[in-house]
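The values are calculated or read from the model by the stated rules, or taken from the named source; none is laboratory data. Remember, predicted model here, so these are calculated numbers, not experimental data. Quick reminder, even Gly has a Cβ in these numbers, built from the backbone with ideal geometry, and neighbours come from all protein chains shown.
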Amino acid sequence: MDGNGRWAKRRFLPRVAGHRRGVDAVRNTVQACAEKGVAALTLFAFSSENWRRPAEEVSLLMQLFVNALQQEVERLHRNGVRFRVIGDLSPFDPLLTGLIDEAQRLTAGNQGLVLTIAANYGGRWDIIQAVNRMRLAATDHDVPWTEGDLLSYLSLGDLPEPDLFIRTGGEQRISNFLLWQLAYTELYFTDTLWPDFNVAALDEAIASYRRRERRFGRTSEQLSSVSVARGASG
Ligand code: IPE
Ligand code: MG
């Protein structure tokens with residue numbers, strides 16, 4: 001979710017105004033995804049690098065996170081959303097981590113959209129924390145680890161790999177988001193600034209995704225013969 005600051009700047013508003021509108025865009029996007037039957041939505045809210053921002057902006061973002069949890073969790077729960085946060089939560093204020101715990105516990109049994117907020121998250125951090133936990137859990141150090149072993153220790157190890165990655169705000173970078181999981185994800189970049197992201201923008205991203213051919217290393221011809229074979233078998 002990128003472009004809050006520029007959205008505000010264009011309107012001669014303080015950056016915080018952009019972040020506030022960004023929260024509205026989150027609410028609308030979550031609702032749209034839930035209605036469309038999207039299985040999982042993961043939002044990059046705060047990266048491990050975002051601590052480098054001015055202290056005032058960082059504390060404001062934390063305040064917005066607290067407010068959003070206080071105001072939105074009930075509604076998410078009513079809508080069957082399973083809420084989770086990934087990232088290194090150790091530097092966060094206990095008030096915030098308390099609200100996160102509570103929201104995760106409340107919604108743990110829900111069967112709808114899995115909504116994950118990445119906060120103080122970095123893709124490299126995720127891989128390293130997985131390796132370290134795997135190392136501690138290992139009993140036999142002579143058996144080589146597999147990708148599947150590592151996967152179960154990654155923050156999103158229980159979810160299917162993402163089909164679509166959307167970055168708003170015009171930059172064409174992953175910026176240390178889900179590095180492991182994005183290996184075969186379709187990447188979509190849009191100039192739309194995050195506060196302007198709405199259902200129409202989401203539909204455009206999904207339409208772009210639908211035009212792509214996902215070969216996973218195979219040839220186009222192999223894919224069409226697979227679908228012909230499937231069609232033949234009913
Ligand atoms: C993204 O918008 C929000 C967060 C990183 C929390 P930015 O704040 O990065 O907005 P720009 O890139 O300055 O426009
Ligand atoms: Mg930015």
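A compact table of results
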{"read-out": "Condition met for Asp140 (modelled with pLDDT of 95 or more and of a type in the set (D, E, K, R))", "value": "no"}
{"read-out": "Selection from region 162-183 of residues that are charged (D, E, K, R) and either without any contact (Cβ under 8 Å) to a residue 12 or more places away in the chain or surrounded by 14 or more Cβ atoms within 10 Å (Cβ to Cβ) (or both)", "value": "Asp163, Arg167, Arg173"}
{"read-out": "Total residues in region 195-223, condition surrounded by 14 or more Cβ atoms within 10 Å (Cβ to Cβ), assigned to a loop (DSSP other than H, G, I, E, B) and of a type in the set (Phe, Trp, Tyr)", "value": "1"}
{"read-out": "Of all residues making up region 168-187, the number that are farther than 26 Å from Arg11 by Cβ and of a type outside the set (A, V, I, L, M)", "value": "7"}
{"read-out": "Region 1-14 residues that are aromatic (Phe, Trp, Tyr), paired with ones that are more than 8 Å from ligand 2 (Cβ to nearest atom) and in a loop (DSSP other than H, G, I, E, B) (beta carbon under 9 Å, 6 or more apart)", "value": "Trp7/Leu13; Trp7/Leu193"}
{"read-out": "Selection status of Asp101, touching a residue at least 12 places away in the same chain (Cβ under 8 Å) and of a type in the set (Asp, Glu)", "value": "no"}
{"read-out": "Which numbered condition Arg84 fails, given (1) of a type in the set (D, E, K, R); (2) more than 14 Å from ligand 2 (Cβ to nearest atom); (3) more than 15 Å from Thr116 (Cα to Cα)", "value": "(3)"}
{"read-out": "Single unsatisfied condition, Ala118 versus (1) within 16 Å of ligand 1 (Cβ to nearest atom); (2) assigned to a helix (DSSP H, G or I); (3) surrounded by 19 or more Cβ atoms within 10 Å (Cβ to Cβ)", "value": "(2)"}
{"read-out": "Selection count, region 12-57, where residues are among the charged types (D, E, K, R) and within 12 Å of ligand 1 (Cβ to nearest atom)", "value": "7"}
{"read-out": "Selection within region 66-84 - among the basic types (Lys, Arg) and buried (at least 16 other Cβ atoms within 10 Å of the Cβ)", "value": "Arg82, Arg84"}
{"read-out": "Exclusive hit being among the β-branched types (Val, Ile, Thr) and surrounded by 20 or more Cβ atoms within 10 Å (Cβ to Cβ), set Thr97, Thr42", "value": "Thr42"}
{"read-out": "Residue tally, condition within 16 Å of ligand 2 (Cβ to nearest atom) and part of a loop (DSSP other than H, G, I, E, B), over region 178-194", "value": "4"}
{"read-out": "Breaking point among (1) modelled with pLDDT of 95 or more; (2) farther than 21 Å from Ser175 by Cβ; (3) of a type in the set (Phe, Trp, Tyr), for Trp125", "value": "(2)"}
{"read-out": "Flag for Ala138 being of a type outside the set (Asp, Glu), surrounded by 11 or more Cβ atoms within 10 Å (Cβ to Cβ) and free of Cβ contacts under 8 Å to residues at least 24 places away in the same chain", "value": "yes"}
